[in-house]
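Colleague: Sharing a structure below in C-alpha cells format, with a few things to ask.
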Amino acid sequence: MGKKLNAESLKELTSFYREMLLIRRFEEAAAKAYGSGKIGGFCHLYIGQEAVGVGAIAALEDSDQIVSTYRDHGHALARGLDPKALMAELFGKRTGVSKGNGGSMHFFDKEKNFLGGHGIVGGHISLAAGVAYANKYSKTQKVCVCFFGDGAANIGSFHEGLNLAAVWKLPLILICENNHYAMGTPEYRSLTVKDVSIRAVAYNIARDRIEGDEVRKVRDHVKVAVERARRGEGPTLIEVSTYRFRGHSMSDPAKYRTKEEVDEHKARDPLLRARQDIIDGGGKETDLENIEEEIMKIVEESVDFAEKSEEPPPAWLYNHVYAD
Ligand SMILES: Cc1ncc(C[n+]2csc(CCOP(=O)(O)OP(=O)(O)O)c2C)c(N)n1
Ligand SMILES: [Mg+2]
C-alpha cells in the first residue's frame, strides 16, 4: 500500500500518468498502423521507458533544449509536441513535424526546443555538448538534456562529448536510458562497468544512478542535475535503469530475451506503478478512466489527421538537407 498524497502531489502525479499514457497509447496506435503498412521505414518504440522521458523533461523549463535518439516519440510527446504532427510525421505526410521528410527517427521542433531525433547511435551526444556550449557562450541560463542508450555509451562521440562538457563545465545533463540491450546485444557483452554513470568518474563530473520505474523519482533526481548545471557547476551523467517491452524496432521479434525476463520487467511497468500510487494516494478510478478516454480520443484524432493529410511533393526531398 502506497502513501496518501496531498492534493498538489496527487494532481502532479496524475498529470505525469496522463503524459505516460499518451505515449503508450500513441505508440500502440503507431505499431498498429505500422503493421498495416501505413508507416514505413524504421520505427523504435519507447513502451516501457515512459517514466524516464516524462520524469526528466518535467524537471526542465520550456526554454531548455532536448536532444534525443531515434527512439524519440516519448521524449517529443513529453515535451508537448503536437500528437497530430507527430503521427503525420510517422505516416510521412507533409503536415508532419518534420514535413514528412524525417519519419520516426527525426522528430524536430525548434519552437519547442526539441532538437531531434538522431539516427546515428551516440553521434548526437557531442551535438548536445555543442548546444550546451552555445547556452554558456551566450550567457543564458538554459540547460540541454541529452538522452541516449547503453549502447551509445560505447561510441567515441559519447567520450568526446563528455570530455568537452567536463573541461568547459557545460550545462549538459546526460541521461543514459539503460534498457540493458543495444539491439540484440546484452549490456554485459559490451560494458565492463557495473553501470554507465561510473564513466563520469573518468571525466571528473557529477554522476547519479536510479531505477526508471517511478516517474517522480526520475524528476527529482534530474532536477538536482539541472540545478547544478544552472549554477554553472557543469554536467551530470545519470544512468536510469529501464526496459523496453517491445523489440528494438518494429522489425525485431526480440528472441534474445526470455518471456520470464520480459514478464519480470512488465511487473514493474511505470504506468501501473503510477496508477497504483494514484489510487493509494486517494485518487479515483473514475478520474483515471476519464483520462484513458481523453487520451484515446487524442490518439484517434492524430491517426485520422495523419491518414487524411497529403503526401509531400517529391521536390521536398531536397529541402532541409543542406543549409541555403
Ligand atoms: C553509429 C551507428 N552504429 C550502429 C547503428 C545501428 N543501431 C541502431 S540502434 C543500435 C543500438 C543502440 O542501442 P542503445 O544505445 O542501447 O539504445 P536503445 O536502442 O537500446 O534505446 C544500433 C547498433 C547506428 N544507427 N549508428
Ligand atoms: Mg539499450
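Read the figures in this text as sums done on the coordinates, not as results from a lab. Computed from a predicted structure; not experimentally measured. Note: ideal-geometry Cβ built from the backbone for every residue, glycine included; neighbour counts use all protein chains shown.
Colleague: Quick check on the exposure proxy: order 251, 309 from fewest to most C-beta atoms within 10 angstrom.
Modeller: Result, fewest neighbours first: 251, 309.
Colleague: How much net charge surrounds residue 13 when only the other residues with a Cβ under 14 Å from the Cβ of residue 13 are counted, with Lys and Arg +1 and Asp and Glu -1?
Modeller: Counting the neighbours of residue 13, the net charge comes to 0.
Colleague: Using Cβ contacts closer than 10 Å as the measure, can you line up 265, 320, 248 from fewest to most?
Modeller: Working: 265 17, 320 14, 248 22.
Taking fewest neighbouring Cβ atoms as first place, the list is 320, 265, 248.
Colleague: So what are segment 166-308's ellipsoid semi-axes, whole angstrom, largest first, if each one is the square root of 5 times an eigenvalue of the alpha-carbon gyration tensor?
Modeller: Details: eigenvalues 195, 106, 59 Å².
Taking √(5λ) for each Cα gyration eigenvalue gives 31, 23, 17 Å.
Colleague: So which lysines can residue 99 reach, going by Cα to Cα under 30 Å and dropping same-chain residues fewer than 8 places off?
Modeller: The reachable lysines, counting only those whose Cα sits under 30 Å from residue 99, are 32, 38, 84, 110, 112, 142, 297, 308.
Colleague: How much of the DSSP bridge set in the chain is antiparallel, in percent, rounded to the nearest 5?
Modeller: Here the antiparallel bridges make up roughly 10 percent for the chain.
Colleague: Another one. If you take the Cα Rg of the chain and divide it by 2.2 N^0.38 Å, with N the number of residues, what do you get?
Modeller: Against the empirical 2.2 N^0.38 Å value, I get 0.97 for the chain.
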